[in-house]
Amino acid sequence: MTASRLDEEFAEALLKVEMLQERFNKHSRIRIDQWVKKLAAIQCNELWKRNRNSYIKLLVGSMESDNLIEPFSRMPPQGSLPNLKEHEIVSGG
């Protein structure tokens, strides 16, 4: 998948996040906003974009089930995001 396609996929997922966000209380919405800011940071690295998209897909899946699962039940970490484990990617996508 090309970097531009990864960006398009991310933008589509962001729209879903915006629509689903209203379901959550204020504290959860703040955490969701912080995760979106973290994931939306400008990066050119294709591997980073793949990892970012895995996170956003997991976030959308979590929000669709009305349950913010780890790691979204807390604020995003400082620094780089660790790669998701294979079972986390599968459960989210």
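The values are calculated or read from the model by the stated rules, or taken from the named source; none is laboratory data. Keep in mind that this is a model prediction, so the values were computed, not measured. Don't worry about glycine lacking a Cβ; one is built from the backbone with ideal geometry, like all the others, and counts go over all protein chains shown. Each accessible area value is taken on the protein alone, full model and side chains, heavy atoms only, with ligands, DNA and RNA left out. Shrake-Rupley method; radii C 1.70, N 1.55, O 1.52, S 1.80 Å.
Here are some notes:
- Checking each residue of segment 19-33 against the condition of being touching an Asp or Glu at 6+ places or on another chain (Cβ under 6 Å) and either of a type in the set (Gly, Ala, Ser) or closer than 22 Å to Pro82 by Cβ (or both) gives no match.
- Only helices (runs of 4 or more DSSP H) whose full extent lies in the chain are considered here, and the ones with at least 3 residues that are free of Cβ contacts under 8 Å to residues at least 12 places away in the same chain and among the hydrophobic types (A, V, I, L, M, F, W, C) are 3-20.
- Residue within segment 16-36 that is of a type in the set (Gly, Ala, Ser), surrounded by 13 or more Cβ atoms within 10 Å (Cβ to Cβ), under 13 Å from the mean Cα position of the chain (by Cα) and modelled with pLDDT of 95 or more present: no
- Residue check for Arg5: open to solvent by 20 Å² or more (accessible area, probe 1.4 Å) and either of a type in the set (A, V, I, L, M) or under 18 Å from Leu81 (Cα atoms) (or both): no
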